[in-house]
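The values are calculated or read from the model by the stated rules, or taken from the named source; none is laboratory data. Just so it is clear, the model here is predicted, and its values are computed rather than measured. As a convention, Cβ positions derive from the backbone with ideal geometry for all residues, glycine included, and neighbour counts pool all protein chains shown.
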Amino acid sequence: MTKKQSGRTKLLVLLGPTASGKTRLSLSLAQTYGGEIVSGDSMQVYRGMDIGTAKATPEERRLVPHHMIDILDPDEPFSVADFQETARREIQAIADRGRLPMVVGGTGLYIESLCYDYRFTEAGSDEAFREEQHRFALEHGAGALHTRLAATDPATAAKLHPNDTRRVIRALEVAHLTGVPLSEHLAGQTKEPLYDLCLVGLTMDRALLYERIERRVDQMMEEGLVQEVRRLREAGYADSLVSMQGLGYKEIAAYLRGELTLNDAVALLKKSTRRFAKRQLSWFRHMPDIHWVDVTEQVNFPQQLQIIHAIIAGKL
């Protein structure tokens with residue numbers, strides 16, 4: 001069954017920082033509950049960006065249907081509002097098939113906007129202002145633009161990576177147009193769940209998480225991350241694209257431009273990914289209703305599954 005007496009669709013959400021083991025658990029849970037997986041990752045929507053985004057492998061996708069993966073070319077714009085609309089359609093279609101929709105990922109804003117009655121500000125746009133901010137970033141660097149946002153809206157700045165120029169500019173634009181920081185607009189959200197939600201969060205010892213991140217980066221390099229980024233650039237995708245500013249792509253592109261040695265690029269990628277995981281956890285800690293499961297002891301996978309099954313039984 002995919003609905004409760006409330007009439008709301010059941011939705012299982014598995015979230016956690018990068019490299020915490022979501023993929024393995026999600027496949028097991030989907031097979032147990034007749035689920036289909038909706039990616040909650042802001043980068044996996046892009047075709048040709050497989051290694052750096054740690055997409056489920058073709059073999060894994062044959063085991064369980066996956067959605068919101070490979071739906072756009074890297075130069076196509078895709079906002080969180082676009083994600084919300086598209087993913088909600090996928091969730092409804094899965095439920096209509098009598099299957100259990102499962103959202104799996106680590107992009108906190110995307111997942112939160114999907115699960116709750118999350119309405120985006122209707123501030124409109126100011127193209128001249130956007131262009132002005134973009135020129136400022138090109139001239140002074142993304143860090144300087146981020147510092148400008150921190151002075152205007154420190155709460156939003158704390159959640160955005162300095163290299164996420166598009167979202168930094170949008171936050172500045174909202175404040176410019178409305179006189180109210182984006183964080184205050186978001187704080188006014190009621191966050192009423194749209195689904196019968198079961199949110200399961202994965203957590204682990206921070207040192208182990210960082211060790212797993214470093215191993216994952218090493219594995220990405222072995223799998224051909226440099227070749228993947230080179231192919232994208234040769235296909236005409238500019239380094240300035242939002243997609244190409246993603247973790248892994250930005251650092252390797254800098255190496256390919258001759259700005260970093262390969263060792264320095266890898267070290268920077270590991271450092272940036274550790275920081276990203278910290279921001280993910282910070283975001284999730286402020287989300288309501290998450291049932292946290294400690295997966296530090298990887299050998300206890302069967303026991304962890306039992307804990308998650310008990311959580312699901314109590315919610316869905």
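Listed by position, the helices (runs of 4 or more DSSP H) contained in the stretch 200-311 that have at least 2 residues being aliphatic (A, V, I, L, M) and under 23 Å from residue 22 (Cβ atoms) are 206-223, 262-285.
Against the list (1) surrounded by 19 or more Cβ atoms within 10 Å (Cβ to Cβ); (2) of a type in the set (Asp, Glu); (3) in contact (Cβ under 8 Å) with a residue 24 or more places away in the chain, the condition residue 294 fails is (1).
Could you tell me whether residue 114 is part of a helix (DSSP H, G or I), modelled with pLDDT of 85 or more and within 25 Å of residue 43 (Cβ to Cβ)? Yes.
Yes/no matrix, rows are residues, columns are (1) in contact with a strand residue (DSSP E or B) (Cβ under 6 Å, 6 or more places away or on another chain); (2) in contact (Cβ under 8 Å) with a residue 12 or more places away in the chain; (3) part of a loop (DSSP other than H, G, I, E, B); (4) of a type in the set (Lys, Arg):
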| position | (1), (2), (3), (4) |
| --- | --- |
| 32 | no, yes, no, no |
| 54 | no, yes, yes, no |
| 60 | no, yes, no, no |
| 85 | no, no, no, no |
| 101 | yes, yes, no, no |
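Please determine whether any residue of the stretch 172-180 is in contact with a strand residue (DSSP E or B) (Cβ under 6 Å, 6 or more places away or on another chain) and crowded, with 18+ Cβ neighbours inside 10 Å. No - not one qualifying residue is present in the stretch 172-180. Scanning for something small (Gly, Ala, Ser), under 20 Å from the mean Cα position of the chain (by Cα) and assigned to a helix (DSSP H, G or I), does the stretch 19-27 turn up at least one residue? Within the stretch 19-27, one or more residues are small (Gly, Ala, Ser), under 20 Å from the mean Cα position of the chain (by Cα) and assigned to a helix (DSSP H, G or I). Would you call residue 196 loosely packed, with under 13 Cβ neighbours inside 10 Å and under 26 Å from residue 22 (Cα atoms)? Considered against the rule, which asks whether it is loosely packed, with under 13 Cβ neighbours inside 10 Å and under 26 Å from residue 22 (Cα atoms), residue 196 comes out as no.
Residue 129 falls short on exactly one of the conditions (1) out of contact with any His (no Cβ under 9 Å at 6 or more places or on another chain); (2) at pLDDT 85 or above; (3) farther than 21 Å from residue 161 by Cβ, and that condition is (1).
Kindly establish whether residue 220 is touching a Leu at 6+ places or on another chain (Cβ under 8 Å), in contact (Cβ under 8 Å) with a residue 60 or more places away in the chain and outside the structural domain of residue 169 (by TED's automatic domain parsing).
no
When only residues in the stretch 228-278 that are farther than 22 Å from residue 138 by Cα and among the acidic types (Asp, Glu) count, which is surrounded by the fewest Cβ atoms within 10 Å (Cβ to Cβ)? If we take residues in the stretch 228-278 being farther than 22 Å from residue 138 by Cα and among the acidic types (Asp, Glu), then 234 is surrounded by the fewest Cβ atoms within 10 Å (Cβ to Cβ).
Select, from 143, 124, the only residue that is more than 19 Å from the chain's Cα centre (by Cα) and either closer than 20 Å to residue 46 by Cα or part of a loop (DSSP other than H, G, I, E, B) (or both).
Residue meeting the stated conditions: 124.
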